[in-house]
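The values are calculated or read from the model by the stated rules, or taken from the named source; none is laboratory data. This structure is a prediction, so every number in the text was calculated from the model and none was measured. Glycine gets a Cβ as well: all are built from the backbone with ideal geometry, and neighbour counts include every protein chain shown.
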Amino acid sequence: MKVLFIGGTGTISYSSTLLAKEKGVDLYLLNRGKSELRPIPEGVRLLKADIRDPNSVAEALGTLKFDAVADFIAFTPEHIETDLALFRGKTGQYLFISSASAYQTPPSTLPVTESTLLDNPAWEYSRNKIACEERLARAYREEKFPFTIVRPSHTYDQVYIPVHGGWTVVDRMLRGLPVIVHGDGSSLWTLTHSSDFAKGFVGLLGNSHAIGEVYHITSDEWLTWDQIHQVIAKALGLEARIVHVPSDLIAAYDADWGDSLLGDKTHSFVLDNSKIKKAVPGFACTKPFSVGIQESLDWYHADPARQVVDGQFNALCERILAAYAKAWPNGSIRY
């Protein structure tokens, strides 16, 4: 197969790049060629262009046609319009990377399936993804544009530690400082390693039965947010000092963090992966979070230059903790 990934070196996409290459896909990446954390593998062809500059992309593509095109960095309907203009008649399949956060929030029933209503009033990011999906559905009805929609949930790799604040949260644990967990820490969550996501995603490339279909691709491992932080702490050989802070209070201090909580992570969220397992026989997630996060920590520990602490995030945590402490007798938070 001849396949184009728009992006291809990000948290979600890079493992798919590696797996597609391993499986013998004739793979092209269209991006700016600036990734240092995830280098382009040997044998993968780079088309150096900025997808936000359609003229440069058209020049880089020339007369190329593909069996499949996957856009990992489309976030708004305008981005979809660009892709439609670029790839009409030039691909047998167009895969849009949407988001499981587009599902009804909070979900009325669990587990979530692909037929769950799309409705997220709290997060603009998710609403934009929904609008992208709706534009693709219209393109299929009007012109039979061959789309497949993929909805990842919270996906991570060795470079990305999947808690808000990333390495800075790890650094706080190492220094014995308290770490913030939203709510009471008991809501269930799904974390998926990108190498597991890739198994399902690459299996959809060139799959004629996937045209016009939607799939989420996630792990079947469910953890509470307290467990997620304690698994990280255990991998560090210590115990996390967790402080539970209401999501609304966090949102009052930081809108971006708050949107990602109120529009997604505050609510228990588990998914039924029956559909992707049927479409890609043998698909299974085999890397539990305890293993994946150990790989991430090993990657950071291998080079101190990677251990960048975000001073602004640290200061934000201290302001939130100070405000929350006022609700406790004598202004002292219990851990």
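Going by what's in this entry, would Asp67 be described as buried (at least 17 other Cβ atoms within 10 Å of the Cβ) and either assigned by TED's automatic domain parsing to the domain that holds Ala198 or farther than 17 Å from Phe197 by Cα (or both)? Taking the combined requirement at face value, the residue does not satisfy it. When residues in segment 126-182 are screened for being of a type in the set (Gly, Ala, Ser), surrounded by 22 or more Cβ atoms within 10 Å (Cβ to Cβ) and assigned to a loop (DSSP other than H, G, I, E, B), 1 of them pass.
Residue by residue, here is whether (1) among the acidic types (Asp, Glu); (2) outside any helix (DSSP H, G or I); (3) in contact with an Asp or Glu (Cβ under 6 Å, 6 or more places away or on another chain) holds:
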{"residue": "Lys199", "(1), (2), (3)": "no, no, no"}
{"residue": "Gly206", "(1), (2), (3)": "no, yes, yes"}
{"residue": "His209", "(1), (2), (3)": "no, no, no"}
{"residue": "Gly212", "(1), (2), (3)": "no, yes, no"}
{"residue": "His216", "(1), (2), (3)": "no, yes, no"}
{"residue": "Leu223", "(1), (2), (3)": "no, yes, no"}
{"residue": "His229", "(1), (2), (3)": "no, no, no"}
{"residue": "Lys234", "(1), (2), (3)": "no, no, no"}
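For segment 47-73, the tally of residues that are free of Cβ contacts under 8 Å to residues at least 60 places away in the same chain and outside any strand (DSSP E or B) stands at 15.
Just for segment 19-36: of the residues that are of a type in the set (A, V, I, L, M, F, W, C) and in contact with a Lys or Arg (Cβ under 9 Å, 6 or more places away or on another chain), which one is surrounded by the most Cβ atoms within 10 Å (Cβ to Cβ)? By that ranking, first place goes to Leu30.
The residue that is surrounded by the fewest Cβ atoms within 10 Å (Cβ to Cβ), among those in segment 74-104 that are in contact (Cβ under 8 Å) with a residue 40 or more places away in the chain and part of a loop (DSSP other than H, G, I, E, B), is Arg88.
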